[in-house]
Amino acid sequence: MYNFSKSLAALAGLLVISMLLIGLVASENSAVQSQTKTQVEGVWKLAEVQVPPKNPAEKGTTITNPQPGLIILTKGYYSLLVVREERPAFAPAKDPANLTDAEKIARYEQWRSFSANSGTYEVKGSMLMLHPIVAKNVEVMTRGTPITWELKVEGPNSLWLIPPSDRATTEPRLKVTKLE
């Protein structure tokens with residue numbers, strides 16, 4: 001004999017589970033759609049560099065028109081491209097397939113002042129932590145610890161990246177302004 005009340009109870013249970021799942025998916029979709037950009041998300045241009053002094057008796061240097069630099073921070077990923085100092089020009093190679101030692105050194109000197117890495121990032125409190133996935137220098141990719149910067153917001157379109165105390169005497173403070 002067919003037990004109608006058991007079937008009805010099972011159907012009601014399935015209906016409740018289905019409604020819960022639909023509600024969960026809808027709320028997750030709504031949460032994803034309503035997410036707003038974080039304060040650091042965007043495209044940032046290097047605007048100022050404060051170089052620490054080489055010894056305590058000296059003053060640091062402020063560069064208000066630095067070499068080009070661009071940082072893109074979006075949805076947990078970043079890309080950083082920075083020219084740290086003026087890059088020397090060099091003459092075209094006489095035989096590009098067989099560079100002389102002097103031609104190799106000239107190209108190295110131009111490449112040396114360029115930094116590039118990309119990966120994931122996270123913000124914890126006032127700290128920006130970069131986790132490189134790919135980088136120009138292997139040491140940056142394989143360091144095993146994130147590259148950290150203290151964030152100091154100066155306005156809606158301007159912020160400072162300040163090296164933590166263990167790097168403050170060797171690395172500059174970077175002011176970036178938002179392009180987008």
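Within the straight-line cut-off of under 25 Å between alpha carbons, the lysines reachable from K152 are K37, K45, K54, K59, K75, K124, K175, K178, sequence neighbours fewer than 8 places apart in one chain being disregarded. Normalise the Debye intensity by I(0) for segment 112-180, one equal point scatterer per Cα, no solvent, then take log10 at q = 0.27 Å⁻¹ and round to two decimals. Normalising to I(0) and taking log10 leaves -1.34. Scaled against 2.2 N^0.38 Å for its residue count N, the alpha carbon radius of gyration of segment 131-171 is 1.41.
Expressed in whole Å with the largest first, what are the equivalent ellipsoid semi-axes of segment 29-180 derived from the C-alpha gyration tensor as the square root of 5 times each eigenvalue? Please report the intermediate quantities before stating the final value.
Working: eigenvalues 192, 89, 46 Å².
Each semi-axis is the square root of five times an eigenvalue, giving 31, 21, 15 Å.
The distance between label points at N65 and E86 comes to 1.1 nm (points 7 Å beyond Cα on the Cα→Cβ vector).
Other residues with beta-carbon under 12 Å from the beta-carbon of A47 carry, at +1 per Lys or Arg and -1 per Asp or Glu, a net charge of +2.
Taking 0.36 nm per residue of separation and subtracting the current Cα-Cα distance, fully stretching the chain between K94 and I72 would add 4.2 nm. Using a simple spin-label model with pseudo-atoms 7 Å out from Cα toward Cβ, S79 and Q110 lie 2.2 nm apart.
A convex hull fitted around the alpha carbon atoms of segment 78-131 yields 101 Å³ per residue. One chain, two ends: K45 and M127. Fully extended at 0.36 nm per residue, the span grows by 27.6 nm beyond their Cα-Cα distance.
None of the figures in this text is laboratory data; all of them are computed from the coordinates on show. Owing to the predicted nature of the structure, the values given are computational and were not obtained by experimental measurement. Every residue, glycine among them, receives a Cβ derived from its backbone with ideal geometry; neighbour counts consider all protein chains shown.
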